[in-house]
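Enquirer: Before we start, here is the structure in question, set down as structure tokens.
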């Protein structure tokens with residue numbers, strides 16, 4: 001019943017099956033990064049290292065199960081419309097030197113995430129709000145950008161990669177805890193809680 005209600009809500013935002021599959025694949029990649037690279041993924045939580053340790057303790061199958069959410073588990077300041085309007089301004093120019101040095105896997109992930117954000121925003125701004133937590137003006141900024149502007153952004157934006165809802169360690173503790181168990185219904189309940197967080201963000 002919960003799945004049916006969730007998917008009904010997702011359909012209202014014109015989210016295609018292909019978008020959902022892409023966001024799940026990106027989630028899995030992000031969890032893989034989270035597991036091997038302790039850093040400030042969860043700056044508002046008690047410990048970014050602890051978050052990485054929780055994810056690292058999951059098996060590949062458990063990470064895949066945790067990633068099976070109808071929304072992104074990662075964030076690139078998508079709710080900060082001022083940031084993205086500046087970054088996507090047509091008169092701006094970027095170079096590799098402008099970016100913070102990051103490892104190749106993180107850079108590859110951010111490139112994919114930005115392309116996905118551009119695709120989602122170009123398709124429908126409502127899907128961007130649900131899947132990525134985009135501000136309406138962020139979606140408009142991405143919609144107005146051309147695809148050839150995205151690769152250079154990856155180097156500058158990689159430093160902004162964080163866990164979504166990084167001020168809600170309760171969510172992350174519950175998600176990793178449920179993924180490590182054998183109760184798939186409990187895991188799905190936690191994953192659907194993310195939709196409530198998304199809805200709450202829309203009301204603020």
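Each value in this text was obtained by applying a stated rule to the coordinates, not by laboratory testing. If you're wondering where the values come from, they're calculated on a predicted model, not measured in any experiment. With ideal geometry, Cβ positions are generated from the backbone for all residues, glycine too; neighbour counts draw on all protein chains shown.
Enquirer: Provide 19, 134 in ascending order of the number of other Cβ atoms located within 10 Å of each residue's Cβ, fewest first.
Expert: Working: 19 22, 134 27.
Lowest count first: 19, 134.
Enquirer: Would you calculate the separation in nanometres between label points at residue 122 and residue 56, each defined as 7 Å from the Cα along the Cα-to-beta-carbon direction?
Expert: Simple spin-label model gives 3.8 nm for this pair.
Enquirer: Further question: Report the full-extension gain for the segment residue 173 to residue 37: residue separation times 0.36 nm, less the Cα-Cα distance, to one decimal in nm. List each step's numbers first, then the result.
Expert: On the way: separation 136, 0.36 × 136 = 48.96 nm, distance 1.78 nm.
Length gained between residue 173 and residue 37: 47.2 nm.
Enquirer: Fewest first, what order do 193, 171 take by the number of other Cβ atoms within 10 Å? If you can, show how the numbers build up before the last one.
Expert: Numbers: 193 16, 171 21.
Exposure proxy ranking, most exposed first: 193, 171.
Enquirer: Which order results if 63, 105 are arranged by neighbouring Cβ count within 10 Å, fewest first?
Expert: Numbers: 63 23, 105 13.
Taking fewest neighbouring Cβ atoms as first place, the list is 105, 63.
Enquirer: Sticking with this one: Taking R0 as 22 Å, what's the FRET efficiency between residue 86 and residue 143 from their Cβ-Cβ distance, rounded to 0.05? Display every interim value, and only then the final one.
Expert: Values: r = 16 Å, r/R0 = 0.73.
The pair residue 86/residue 143 has a calculated efficiency of 0.85.
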